[in-house]
Amino acid sequence: MLDSLLALGGLVLLRDSVEWEGRSLLKALVKKSALCGEQVHILGCEVSEEEFREGFDSQINNRLVYHDFFRDPLNWSKTGEALPGGPLGALRAMCKRTDLGPVTIALDSLSWLLLHLPCTTLCQTLHAVSHQDSCPGDGSPVGKVHVLGLLHEELHGPGPMGALSSLAQTEVTLGGTVGQASARILCRRPRQRPTDQTQWFSILPDFSLDLQEGPSIESQPHSDPHISPVDPTAHLTFNLHLSRKEREARDSLTLPFQFSSEKQEALLRPRPSQATSHIFYEPDAYDDLDQEDPDDDLDI
């Protein structure tokens, strides 16, 4: 599952909710990228650096480059540690990288950035970061760029959600049932139809994934037995079903457009008492009875 999420590159949107948090899956993807030897940049805005690094071993933590915008997002302390331009400045600096290896950029979170930055500016910066085709200087190709964005979808309206969804190559919507988490994965591949699949999983304490089977039908939540079901056919003004006598009467009825052999013979057979009819035509004085070609004056 982690390999499929990181296979395409570009923006990977992790959409979580109050019931199903997505930071654990974000850290699992960060761990997978670090173990693959990629350089990993963390744009931390919602939790402290210590909290984000918690659970990773020293090998993983040594490969993480943490940009801390949680402790002093507006650089009021003037320590000189913050990058100029804030979070957008850090993202733009990542666009000007000169190394050729693959890079993973984790945004924790996109919701914080959306609440503090204009949506259009953020989308333009995300597009520039996730679509780096060549280095600015010599035009040589760079490695694949993965941008992992954690998005709390309950905090935003349909406008920002639709804008970010149009930028994402992969969307992961977290959900679940009966205490079992699921991820609905929508992948958009170039010149191919989008693929949609659902994976059931659990995240272990070391942020590795344990794929599971979906819950069985018996374990699905049932309706409350104390609430009587509503019959949608209770107050109809017509019958949905016919009784036996009504069905026999319908089957024995001959419709007017159905011609049986007896009815056809009765219509075509002349009756003995039926008189032969004639049509008499008397020409009018002004009728045109010229036998010549009426189109003789046309040059055809």
Worksheet item: Within the range 11-130, which helices (runs of 4 or more DSSP H) (wholly inside it) include 3 or more residues that are within 24 Å of Ala163 (Cβ to Cβ) and either of a type in the set (Gly, Ala, Ser) or at pLDDT 90 or above (or both)?
Response: 23-35, 86-95, 110-116, 119-130
Discussion item. Out of everything in the range 16-72 that is touching a Pro at 6+ places or on another chain (Cβ under 9 Å) and not small (Gly, Ala, Ser), what residue ends up being nearest to Ser111 (Cα to Cα)?
Written reply: Cys45
Worksheet item: Looking at the range 133-148, is at least one residue in a strand (DSSP E or B), modelled with pLDDT of 90 or more, under 28 Å from Trp20 (Cα atoms) and in contact with a Leu (Cβ under 9 Å, 6 or more places away or on another chain)?
Response: yes
Discussion item. Here are the criteria: (1) open to solvent by 80 Å² or more (accessible area, probe 1.4 Å); (2) touching a strand residue (DSSP E or B) at 6+ places or on another chain (Cβ under 9 Å). Tell me which single one Pro158 does not satisfy.
Written reply: (2)
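The values are calculated or read from the model by the stated rules, or taken from the named source; none is laboratory data. All values derive from a computational prediction rather than experimental measurement. Reconstructed Cβ throughout: ideal geometry from the backbone, glycine too, with neighbour counts over all protein chains shown. Remember, those area values only see protein heavy atoms, side chains included, never the ligands or the DNA or RNA. Shrake-Rupley method; radii C 1.70, N 1.55, O 1.52, S 1.80 Å.
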